[in-house]
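The values are calculated or read from the model by the stated rules, or taken from the named source; none is laboratory data. Since we're looking at a predicted model, the values are computed, not measured. Virtual Cβ from ideal backbone geometry, glycine too; neighbours counted across all protein chains shown. In case anyone asks, the SASA skips ligands and DNA or RNA and just uses the protein heavy atoms, side chains included. Shrake-Rupley method; radii C 1.70, N 1.55, O 1.52, S 1.80 Å.
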Amino acid sequence: MTDRLISEAGRENTIVINTGDNFFQTGEPELEDKKAEAIFNALDRIGIDFIGLGEQEFIFGVPLIGNLTKNSQVHLGCANVKDIRHVSPYLVPYLRLNKGMKQVLITAVIDPQVLKSTDKKIAFTDPVTALKRIQKTISHDLFIVVCHADAAKAEKWLTQVSGIDLVILGHQPGVSEKKLEINGAMLAFNNDRGQFVSHADFVPKDGRYAVSGPHNTRLQAKTIAENRSVAKLIEGYEVWSRKYHYAKSKNQHLAKAPPAIENIYVGKDRCMECHEETVVSWAKTAHARALDSLIRKGKEYDPQCLPCHVTGMNDKSHGGGFVSLNLTPHMVNVQCEQCHGPGGLHAKDPENVSARLSVEQTCLSCHTKDTDPGFSYQKKQKTGIH
């Protein structure tokens, strides 16, 4: 998508900006570092000019950021990091580019309050002071700012700083669809988990430049060709990830349920003893083959994907749920108890203990807007769930 926009306007007239928060903590440093490396290399190949650092990057720490950027063309910036050059030689307070015979100044500021934990050596200054200093001391024709703060705080900052042409809000959820302005600066935001690419155009007007947009394009595989270079990077990471998770799964041990827990997962075969017709009907649904979709993608050992493709995983309040393919193969796929709760007590005393009723939120916990954007609980109710 970015390739198409660049080809339409020309590289000499195009700036590609990423608003940061690309990395995510999982509690597994080796996995985090490998994924961060793949993401950053992909951004490099896409042709990103500037990344406005968010709290996720700072939480990961400067050493990782520096290691990723030392052989990269991408500039990572934040204007209100104290003594930024002493923190890392790979971070910049701003970037100035010559585009279309004009000087475009780009920077980013972050709200120190959104940072939960960072490298102890990093300190942050007042974002308004940082923006005023850059706006005043660095010559430019156009000024673009990435704000890492909620919309209310960003608005408070912007009312104190004049001369900004475009502000991109890194924390505002959703996608901006209409023109919003604060103190002469047009606001845009695109916090949508990568489902849209947004762009704005600077057009000459009355001797200055006006901002046209934002224009939003939904990313769809059927209409936008993949970048093979980036796809190979992701494929390489997925192969590594599968090996990593497989090795971890081999070292897992089946934890026994505490003696006090009676309501454990019993599996579909036990359910079939009394509910044969329902289980036979379920066996014809996609739920009965839920793990197959992960196997096709090489993600059958991925703990981030598995919980919605197996039964009872991560349920520490009850025993008997899915642990791993090696230890609990009988709990694969979305069986009865994934939706109706563990059936241990119900199986022992079906007349007095009822299974949990499945409600809309039960389905929506896995069928989210990201994983299944076309899912409708109401339609499923009409056609039958199992």
Given a 1.4 angstrom probe, I'd like the percentage of the accessible area of segment 184-259 that is carbon and sulfur, rounded to a whole number.
53
In whole Å, how far is the Cα centre of segment 13-85 from that of segment 321-386?
39
Can you pull out the trypsin sites (Lys or Arg not before Pro) in segment 247-283 that DSSP calls coil and that have at most 11 other Cβ atoms within 10 Å?
K256
If the reach is capped at under 30 angstrom between alpha carbons, list the lysines near K132, excluding any in the same chain fewer than eight residues apart.
K70, K82, K99, K102, K116, K120, K121, K153, K156, K178, K179, K205
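If you roll a 1.4 Å probe over segment 1-59 with all protein chains in place, what percent of the accessible area is carbon or sulfur? Spell out each step's value before the answer.
Details: 1210 of 2640 Å².
Carbon and sulfur: 46 percent of the exposed surface of segment 1-59.
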Can you pull the one-decimal nm distance between simple spin-label points at A210 and N314, each 7 Å off the Cα toward Cβ?
4.9
Looking only at the chain, where both bridge partners belong to it, what percent of the DSSP beta bridges are antiparallel (to the nearest 5)?
50
Compute log10 of I(q)/I(0) for the chain with the Debye formula, placing one identical point scatterer on every Cα and leaving out solvent, at q = 0.07, 0.08, 0.10, 0.12 Å⁻¹, to two decimals.
-0.44, -0.56, -0.80, -1.01
Any idea how far apart L219 and A286 come out in nm if each label point goes 7 Å out from Cα toward Cβ?
2.2
Cross-link pairs beyond the 28 Å C-alpha cut-off, checked among K268/K379; K284/K316; K248/K380
K284/K316; K248/K380
Just read off the accessible area of L95 with the full protein assembly in place, 1.4 Å probe, to the nearest 10 Å².
20
Taking only Cα atoms of segment 129-258, the Rg to Rh ratio with Kirkwood Rh works out at 1.18
What are the semi-axes of the equivalent ellipsoid of segment 2-75, taken as the square roots of 5 times the eigenvalues of the Cα gyration tensor, listed largest first and rounded to whole Å?
26, 11, 11
How high is the relative contact order of segment 1-123? Use alpha-carbon pairs under 8 Å, at least six apart in sequence, and give a whole percent.
24
Taking the C-alpha atoms of segment 1-156, convex hull volume expressed per residue in Å³:
125
Can you pull the accessible area of E300 for me, 1.4 Å probe, Å² to the nearest 10?
10
Qualifying lysines (Cα of each under 20 Å from Cα of K232; at least 8 residues distant if same chain)
K34, K35, K222, K243, K297, K299
Below 8 Å, C-alpha to C-alpha, sequence gap of six or more: please give me the relative contact order for segment 1-70 in percent.
41
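Can you work out the accessible area per residue across the chain, with the rest of the protein chains kept in place, probe 1.4 Å, in square angstrom?
I get 57 Å² per residue for the chain.
When only C-alpha pairs under 8 Å and at least 6 residues apart count, what is the relative contact order of the chain, in percent?
10 percent.
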To the nearest 20 debye, what charge dipole does the chain have about its Cα centre, counting +1 at the Cβ of each Lys and Arg and -1 at the Cβ of each Asp and Glu?
640
List the aspartates and glutamates whose Cα sits under 15 Å from the Cα of K256, skipping any in the same chain fewer than 8 residues away.
D315
Just report the Cα centroid separation between segment 153-227 and segment 297-320, whole Å.
38
Neighbours of N18 by Cβ distance under 12 Å: Lys/Arg at +1, Asp/Glu at -1, summed charge -4
Model label zone, T371; criterion: amide N under 11 Å from point 7 Å along Cα-to-beta-carbon; scope segment 324-339
334
Report for segment 64-220 the percent antiparallel among DSSP-assigned beta bridges with both residues inside it, nearest 5.
55
Taking 0.36 nm per residue of separation and subtracting the Cα-Cα distance, what length does fully extending T26 through K256 add?
80.3 nm
